[in-house]
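Nothing in this text is a laboratory measurement; each read-out follows from the coordinates by a stated rule. Since the structure is predicted, the reported quantities are computational estimates derived from the model, not experimental observations. Neighbour counts run over all protein chains shown; Cβ positions are idealised from the backbone, glycine included.
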Amino acid sequence: MHRLLLIESSPTLRRGMEKLLLRHSFDVHSVPADEAALADLDREVSHGLSGVLIGWSTAKPAVRQALMRRLGQADCQRVAAMLVHSDFEPLDESGIHERPYSLALPWDRHAEAPRLTRGLLAQVARETRRRTPSAGGGLKILLVDDSRTSRVTYQRLLKSHGYAVTACDSAEAALEVVKGTERFDLAIVDYYMPGMNGAQLCHALRELPATRDLTLAILTGSYEDGLISDCLAAGASECMFKTESNELFLARVHSMATLRERELRLEGERMRLELILGSVGDGVYGVDREGHITFVNPAALRLLQWPDAERVVGMLAHQKIHFADERGKPIPPDTCFLQQAYELGDSLSNWETVFWRADGHAFSVECTVRPQYRDGDCVGAVVAFRDIAERKRFEAELQWQLHHDHLTKLYNRAYFENALEQELLRLKRSAERSALLFIDLDRFKHVNDTAGHAAGDALLTSIGQKLKSRSRQSDLVARLSGDEFAVLLRNVDEAHIASLAEQFRTILDETNFIYEGRAFEVSGSVGIARLNRHTLTPAHAMNCADAACQIAKRHGRNRIHMFDANDDAEMLASLEQSWSERLRRALAAGDFSLQFQPILDLTRPVLYGYEVFLRLVDASAPLAPCAFLPQAERFELMPALDTWVLDHLASLMTHRRPPQGARLHVNVATSSLMDPGYRARLSNLLRRGMFAPGQLCLELKDQDGPHRLATLLPELRELTRLGLTLVMDGYGRGFVALDDLRRLPLGAVKFDGDIVQSLQGDELGEPLLRAMTGLAHALNLVVIAPLVEDADTLRRLRAVGVDCAQGFALGSPAQMWRDLGEDHIATAPQDLVA
């Protein structure tokens, strides 16, 4: 990562430019353009500064002149420089146009600063590569001798053997040369010269940043012990004599050149590794076996908010970085997992923990520890880490969505049923008692029919909040479906169960619901099931509470009823038996029907396909799936129902196929795909060509479905090879679904309907959908949005890149695809399909 120094007097401009450069992965240190800026520049140059940006317009003239004089010195010649100025301001005095690797940029073009800075740094890198010698010669030698004869002789000799030579006749002339832009690898200096002798010149060269690492050799005509000692003390690595033969002279020069070339290659490799280390986005630091920090890269400094590496190198990483857990509780070194890894030479991969910043705040990281060996012995470790706080927040949000109802923000049915199961397991090991309440709103359908679904949603949200406010801390309140709520009362005295249930009923009775100036009476019926160590199963408990709720409704509504195994057994059996027998009779008689709702391809737009809905034929009206599918799941009838849908679709296909290319999206239960008979029937229909390749799309709706289907991956891949498309429904409802995108052979995903419907009222809705759509597209999955009910939602979905949409705004379910026709899109509002 390139280190930049930003010098700007205006705090506003300084912050703006700093943010711009940081976004483009520069390591930026910003300071005001005052008298202290010169010291900041000196310090940054000594630490390997890559470039400097100066706010020319806001800096004082004296500061500007001092900065430009400093940038003209030898050790700054390869530092890129940019002056950011106003258009009307002259820059002649700055000398910026004569300085190499420099340019001026008007403030109104400041957005180009990252690109132009990279261009300057690339020029520096190219020039550095050109001057790096190759093996076998090409080194640049500074020859200093006041004797013209000696100077010309040695210059010709060295040039004839491939060396580039610059000759000077005095020490003073040599110092002027090295202050320029030219760089040297070796310096051969005559000892006896008027003014400054060779040893004194070596001292002076060692003091200059540009020649601090120069290889020095003294050339003299006489052998004197004091002279040689003086030269070596001055920093010379060789003492050569003018009386030696040319061959010996060249051999000594070649030996020094070979060592210099090796040094340059090592330096080049070091710079390359530092560039790689500095350019990575992850923080990286090294430790020795005791855990002392040996190096740290710029990303680590930024993430840990350390000002510079010098302040932490040599300190224990445990004391500076991972001394406490996320709650701030200290972790002793002998129990710190990372410290033990350092000392034992262990490797760690994707280890999640917390690091502490310099400001005293912790953040979540994922780190990798790799031990480093020298001659077979572990000498320390390299630790790479990344900030995963944002990922943690995203995971927590997705986990929340997995467990909660999006409308009321209460727990959902899946979470509630799992909590109920855990509570029954706890009660089997305890003498405590608990209770399960089923709460069903009375005449909720009247609110929906007379005031619309928006009014119904507002009522459900209000009721959910009031139920939650009345519950104890240990209670669990959930929305099961529609207007059904449930409350799990943990550890209650049996004598108080009825009074607690009455409090929840009173909430409904006291609710004064007004929507758009219209008042509605609200009441509800409450069914109670007592729970103890003898309760059979969660399903039995829910059946008992449901039966008690039905009894309360039959007795006049707006009341509570506690299930009694003796008095209410008939109702329970009737409830279970009626649904069981009703569904079995419907399967035998074929008392089901299918409806088809169009799915629109937003990219063209054309018809993409249809979602197939199953309806139970009733005397009054076809019943929606939510009315009977929970019962079918309870009595393990889903494989039979899903098989009926397959066979009925296949029969319809023999009479008239849907429009060319239209897909058929069919909801399927996970229990059906787990059933060998259903899979065999599905495979048979695909092999017989009843559905064109890609035409039949099965939507997985169960929240735990993808996890359970992991055991069937070979069978699912075979079905997709036969032409089946698997679609993950409820995309975005939980984090588990994201993990399964890569494992299951999916062809498409469908957003959770609640996320789509809450798009307008949620400011994070569009960014969330855009991120999830991008993830799905990266995996080559089609993205479908359901429950689209207005043009604004459709426009938002288009804006985030969603591929397809369905909903009442685009077409209502019909009895047959021929009733819709391929031209049904033309009947939709033009602003929806334009």
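Here are the numbers for the structure shown:
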read-out	value
Footprinting exposure proxy for L652, L248, L83 (fewest neighbouring C-beta atoms within 10 Å first)	L248, L652, L83
Tilt relative to the chain, helix 538-554 - C-alpha long axis, 0 to 90 degrees, to 10	50 degrees
Local electrostatic count at M240 - Lys and Arg +1, Asp and Glu -1, tallied over other residues with Cβ under 13 Å	-3
For region 627-653 and region 485-539, distance of Cα centres in Å	33 Å
Using alpha carbons only: equivalent-ellipsoid semi-axes of region 398-567, gyration tensor based, whole Å	27, 18, 13
Cβ-based exposure ranking for F485, F241, F323, F596, in which fewest neighbours within 10 Å come first	F241, F323, F596, F485
Gyration tensor verdict on region 315-431 (Cα atoms; rounded if a/c is under 1.5, prolate if a/b is larger than b/c, oblate otherwise)	prolate
Over the chain: helical MRE at 222 nm, DSSP H runs n ≥ 4 each giving -39500 (n - 2.57), nearest 500	-13000 deg cm²/dmol
Distance histogram for the chain (every C-alpha pair counted, 10 angstrom bins, percent rounded to whole numbers)	2, 10, 14, 15, 15, 12, 10, 8, 6, 5, 3, 1, 0
Span from the region 381-421 Cα centroid across to the region 196-265 one, whole angstrom	69 Å
Rounded if a/c under 1.5, otherwise prolate or oblate - region 3-131, Cα gyration tensor axes	rounded
Estimated dipole of the chain in Debye, rounded to 20 [Cβ of Lys and Arg +1, of Asp and Glu -1, Cα centre]	1320 debye
Candidate lysines - alpha carbon under 25 Å from K466, same-chain residues fewer than 8 apart omitted	K409, K445, K553
Added length on full extension, which subtracts the Cα-Cα distance from 0.36 nm per residue, T335 to L775	154.5 nm
Ranked T294, T335, criterion: other C-beta atoms within 10 Å, fewest first	T335, T294
3J(HN,Hα) from dihedral phi, region 408-423, Karplus parametrisation 6.51/-1.76/1.60, rounded to Hz, x for glycine, proline	8, 6, 7, 5, 8, 5, 4, 5, 5, 5, 5, 5, 5, 4, 5, 5
Vicinal HN-Hα couplings computed from phi for region 239-244 (Karplus, 6.51 cos²θ - 1.76 cosθ + 1.60; Hz; Gly/Pro x)	10, 10, 10, 5, 7, 6
